[in-house]
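Beneath this line is the structure, given in structure tokens, with notes to follow.
The values are calculated or read from the model by the stated rules, or taken from the named source; none is laboratory data. Because the structure is predicted, anything quoted here is derived from the model rather than measured. Virtual Cβ from ideal backbone geometry, glycine too; neighbours counted across all protein chains shown. These accessible areas exclude ligands, DNA and RNA; they are computed on the full protein's heavy atoms, side chains included. Shrake-Rupley method; radii C 1.70, N 1.55, O 1.52, S 1.80 Å.
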Amino acid sequence: MSGSKAYAALIEFVQQTSLLSSASALLSWDQETGMPPGGGDARARQLALLGRLQHERQTDPRMADWLQACAADETLAADPVAAANVRELQRDHARATKLPGALVAALAETESRAQQAWAEARTRSDFAAFAPWLQKLLHLHQQKADCLRAPTQSRWDALADLFEPGLTAAALHRWFLPLRARLVELRQRLAAGTRPADGIQQVALPQPAQEAFVRAVIGAMGFDFQRGRLDRSAHPFCTGTLGDVRLTTRFHDALVLDALGSTMHEAGHGLYEQGLPEAHAGTPLAEACSLGIHESQSRFWENHVGRSRAFWHWCQPLLQRHFGAAAAAFSTDDLWRTANIVEPSLIRVEADEATYDLHVMIRCELEVALLAGDLPVGDLPAAWNRAYADYLGVQVPDDRRGCLQDVHWSCGLFGYFPTYTLGNLYAAQFAAALQRDLPVDDLVARGEFAPLRSWLQAHVHAHGRRYPPAELCVRATGSPLSAEPFLAYLDRKFTAVYQVR
Ligand code: ZN
């Protein structure tokens, strides 16, 4: 078969596979937002079947033949779109076929049972009940890493590469080293400063009005409600496909800034999905580059825009329009300062911008040691608690608020946590580049978000998976990823908020 015929067959085949995965995503969205409890059994069977069909297609022997014919074709190699699609599909196919079926089945079953065991263990704060499951999961993931890894690659690197192509523990260490020292130093400096009042967070506001408010904000950001929806779920998330992006958020009676932050975060993910190039739908060129890059888009809107003084200049009158007298007492500066309270805490998902990455670092260091066999599972709680005292200056009272707090390891997500911190680093580096190109503060203060969105669309969204994340970063910002823009941003903002030097 000629290269061009093979490429056409390959693209048609993967576009259909992508329809299956988008159908799965929609069913999962429905499961979290609208499905009645009685639908659970049927939904599990629907999702299992779709998952099996996708895996069969990803490992279909015809894929190998088409990919081989494409790789041998010089015309395709000279076409940047075809070359990138072939490279990424080769990567996906190799990954899917390297794992023996028995291991895939053992992982799926163990992860499903371990998740239940984790949920029970967390409720009772009983690490000993989860420890055997963690041991089993580590053992299986060591085997998985051995199937996937190149001869010189470490197990952790092989697993992290699934989420952030090209990421290594060594590179992570280079970013983490300055980050750790300076975040700990910043935390100590801010402790001596003036803590902002949490005023607006204490005010009970009707949830329908909160919803109208956050819809107005993400509408102004440019989230396209003709090609997306916003609903409620217990844990906010974003899923969907081009033309149909589903966001969820949650509301409390008070804590309006939490609802705003979560919604802007998910809308940042949603703008990325809506900004992927339609012409390449169903192929890698219309898929997100990596989880770290995806997270950079949500953090950019949530933090660099939503927690800036300029944003509150625009948003304070909007808040008053939606909540009237209840919001009238809070000035632009009050709201900006409240949005930036720093409080070292036990729980990652509740952490502020200045301490969040310390939570991530602790998990990364521990999982590298667990996978390498350097940290016995039984020693995890003590190691966790020591790290929290060291990095964050907090005492962990029990495992529920300690090493049992996150679902990730019970789902087999080893090597996933760093993508959260990479998201923060990429977001700060994109924000710095944007500031060189545009008068960002002036635009944000006027609520003119379109130029920001267009910049991100042109420099990040439009490329899909055309470039690996490290290369995308250099192309968009002119330099390789560094922790410096993030540290400079935190320092600038928090010394102003806390009025310290
Ligand atoms: Zn996110």
Which listed residue is surrounded by 15 or more Cβ atoms within 10 Å (Cβ to Cβ), over 30 Å from S2 (Cβ atoms), small (G, A, S) and at pLDDT 90 or above, from A83, A117, A96: A117
Some residue of the range 234-245 being within 21 Å of A216 (Cα to Cα), away from the ligand (no atom under 16 Å from the Cβ) and over 16 Å from the mean Cα position of the chain (by Cα): yes
Only one of A181, A209, A170, A158 that is open to solvent by less than 10 Å² (accessible area, probe 1.4 Å) and assigned to a helix (DSSP H, G or I): A158
Check on E88, of a type in the set (D, E) and at pLDDT 90 or above: yes
Flag for L138 being open to solvent by 10 Å² or more (accessible area, probe 1.4 Å), touching a residue at least 24 places away in the same chain (Cβ under 8 Å) and more than 17 Å from M361 (Cβ to Cβ): no
Cβ pairs under 6 Å, 6+ apart, first in the range 462-487 and open to solvent by less than 20 Å² (accessible area, probe 1.4 Å), second of a type in the set (S, T, N, Q) and modelled with pLDDT of 95 or more: P469/S290; T477/Q429; F486/N424
Residue list for the range 221-234, restricted to those being open to solvent by 30 Å² or more (accessible area, probe 1.4 Å), part of a loop (DSSP other than H, G, I, E, B) and in contact with a helix residue (DSSP H, G or I) (Cβ under 8 Å, 6 or more places away or on another chain): D224, F225, R227, A234
Test set (1) away from the ligand (no atom under 13 Å from the Cβ); (2) assigned to a helix (DSSP H, G or I); (3) among the charged types (D, E, K, R) - E273 fails condition number: (1)
Test for I218: is it open to solvent by less than 20 Å² (accessible area, probe 1.4 Å) and away from the ligand (no atom under 16 Å from the Cβ): no
Subset of the range 139-167 (residues that are among the polar types (S, T, N, Q) and either over 21 Å from H408 (Cα atoms) or at pLDDT 95 or above (or both)): Q142, Q143, T152, Q153
Residues located in the range 25-39, provided they are in a helix (DSSP H, G or I), open to solvent by 50 Å² or more (accessible area, probe 1.4 Å) and more than 18 Å from L242 (Cβ to Cβ): Q31, E32, P37, G38
Per-region count, the range 251-260, residues open to solvent by 10 Å² or more (accessible area, probe 1.4 Å) and within 16 Å of the ligand (Cβ to nearest atom): 1
The range 430-458 residues that are modelled with pLDDT under 95, paired with ones that are surrounded by fewer than 17 Cβ atoms within 10 Å (Cβ to Cβ) and of a type in the set (A, V, I, L, M, F, W, C) (beta carbon under 6 Å, 6 or more apart): none
Residue in the range 406-425 that is buried (at least 17 other Cβ atoms within 10 Å of the Cβ), farther than 30 Å from T110 by Cβ, hydrophobic (A, V, I, L, M, F, W, C) and modelled with pLDDT of 95 or more present: yes
Enumerated helices (runs of 4 or more DSSP H) restricted to the range 382-501, each holding at least 3 residues that are under 24 Å from the mean Cα position of the chain (by Cα): 418-437, 450-459, 469-477, 484-497
T248 vs. criteria closer than 29 Å to A279 by Cα, within 14 Å of the ligand (Cβ to nearest atom) and not in a strand (DSSP E or B): no
Residue match in the range 187-200 (condition: charged (D, E, K, R), open to solvent by less than 60 Å² (accessible area, probe 1.4 Å) and outside the structural domain of W301 (by TED's automatic domain parsing)): no
Any hit, the range 263-281, residues being among the hydrophobic types (A, V, I, L, M, F, W, C), in contact with a strand residue (DSSP E or B) (Cβ under 7 Å, 6 or more places away or on another chain) and buried (at least 22 other Cβ atoms within 10 Å of the Cβ): yes
